[in-house]
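First the structure, in the form of structure tokens, and then the observations on it.
Derivation of every value follows stated rules applied to the coordinates shown; laboratory data play no part. Quantities reported herein were computed from a predicted structural model and do not represent experimental measurements. Note: ideal-geometry Cβ built from the backbone for every residue, glycine included; neighbour counts use all protein chains shown.
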Amino acid sequence: MSDRLSRRTALLLGAGALASVAAPATAQVIAPTANTVFVLPGVGQVTTLTYRAKVVSANPATRRVVLETPNGKRWAVKAPLIVGDLSLLRNGETIIVRLVPGLVTALGKARQGVPGEVINDVGLNDGLPGWPEGFGVRRVTITTILVNIDKVGGTISFEGPDGYVRTIKAADQKVLADLAQVNIGDLCQITYVEAMAFNALP
């Protein structure tokens, strides 16, 4: 039993395909907490964002996990094998989600799509050199609305598929140049890299 609990507590959400699942907001929006600081190669100092989410469902056969954040947003993750045994997750269980913002690798105005629509999600199962251990690194392409642009600092802020805003640094000069072509409020297609993990509450 202790081994089972320990495996569940250490369950990590790694890379996987992710899709937004529409749901009406039923609770007050709760912003994630900023806590642990990492220094990532090519990125610099970043702060982990942490929030709670409820497990709506977990299908071990398809490896699809649906989560609900406190703001009522539901989103789905297709968890890879490295996540472990999904049968250890219980419907209605509250877990802790941790995000490590990485880099924006592509940016442009979207010609179609709706905010929050995930176009692609590729798992980097081997992680990235210098990134924190215990996190699954993934590359996500999403259609979303720009919340803020810092052209001096080279960062953009946008809402992720979980409904929370991230501020992520541009990866290179090409992305920095693309920042000059967009404005706050634009519907954009953004490709970014971030790391994610989740742990069951004790």
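Partners of K54 within straight-line reach, counting lysines whose Cα lies under 18 Å from its Cα and excluding those fewer than 8 residues away in the same chain: K73, K78.
In order along the stretch 152-158, the phi-based Karplus estimate (6.51 cos²θ - 1.76 cosθ + 1.60, θ = phi - 60°) of 3J(HN,Hα) comes to 6, x, x, 10, 10, 10, 7 Hz; Gly and Pro are listed as x.
The HN-Hα couplings worked out from phi for the stretch 55-64 by the Karplus form 6.51 cos²θ - 1.76 cosθ + 1.60 (θ = phi - 60°) are 6, 7, 7, 9, 10, x, 6, 8, 6, 9 Hz, whole numbers, x standing for Gly and Pro. Is the stretch 83-146 best put as rounded, prolate or oblate by its Cα gyration tensor, with a ≥ b ≥ c the root eigenvalues, rounded for a/c under 1.5, and otherwise prolate when a/b is larger than b/c, oblate when not? Since a/c reaches 1.5 but b/c is at least a/b, the shape of the stretch 83-146 is classed as oblate.
Please give the net charge around I184, taking every other residue with its beta carbon less than 12 angstrom from that of I184, where Lys and Arg add +1 and Asp and Glu add -1. Don't skip to the end; give the middle numbers.
Working: positive: K151; negative: D150, D186.
Taking every Cβ under 12 Å from that of I184, the sum is -1.
Between the alpha-carbon centres of the stretch 92-110 and the stretch 127-182 there is a gap of 8 Å. The V122 and T62 beta-carbon pair, evaluated with R₀ = 25 Å, returns a calculated FRET efficiency of approximately 0.90. Here the simple spin-label model places points 7 Å from the Cα toward Cβ, and for T36 and T141 these points are separated by 3.1 nm.
Counting charges near V193 (Lys, Arg +1; Asp, Glu -1) among other residues having Cβ under 12 Å from its Cβ returns a value of +2. Applying 0.36 nm per residue to the separation of K174 and V152 and subtracting their alpha-carbon distance, the gain on full extension is 6.4 nm. Computed 3J(HN,Hα) for the stretch 106-117, one whole-Hz value per residue from the Karplus formula 6.51 cos²θ - 1.76 cosθ + 1.60 where θ = phi - 60°, is 7, 8, x, 5, 7, 8, 7, x, 10, x, x, 7, glycine and proline marked x. Within 9 Å, Cβ to Cβ, of E68, how many net charges do the neighbouring residues add up to if Lys/Arg are +1 and Asp/Glu are -1? Local net charge: +3. Exposure proxy for F198, F158: other Cβ atoms within 10 Å of each Cβ, ordered fewest to most, give F158, F198. Once you have a ≥ b ≥ c as the square roots of the Cα gyration tensor eigenvalues for the stretch 136-195, tell me rounded if a/c is under 1.5, and otherwise prolate or oblate according to whether a/b is larger than b/c. Since a/c reaches 1.5 but b/c is at least a/b, the shape of the stretch 136-195 is classed as oblate.
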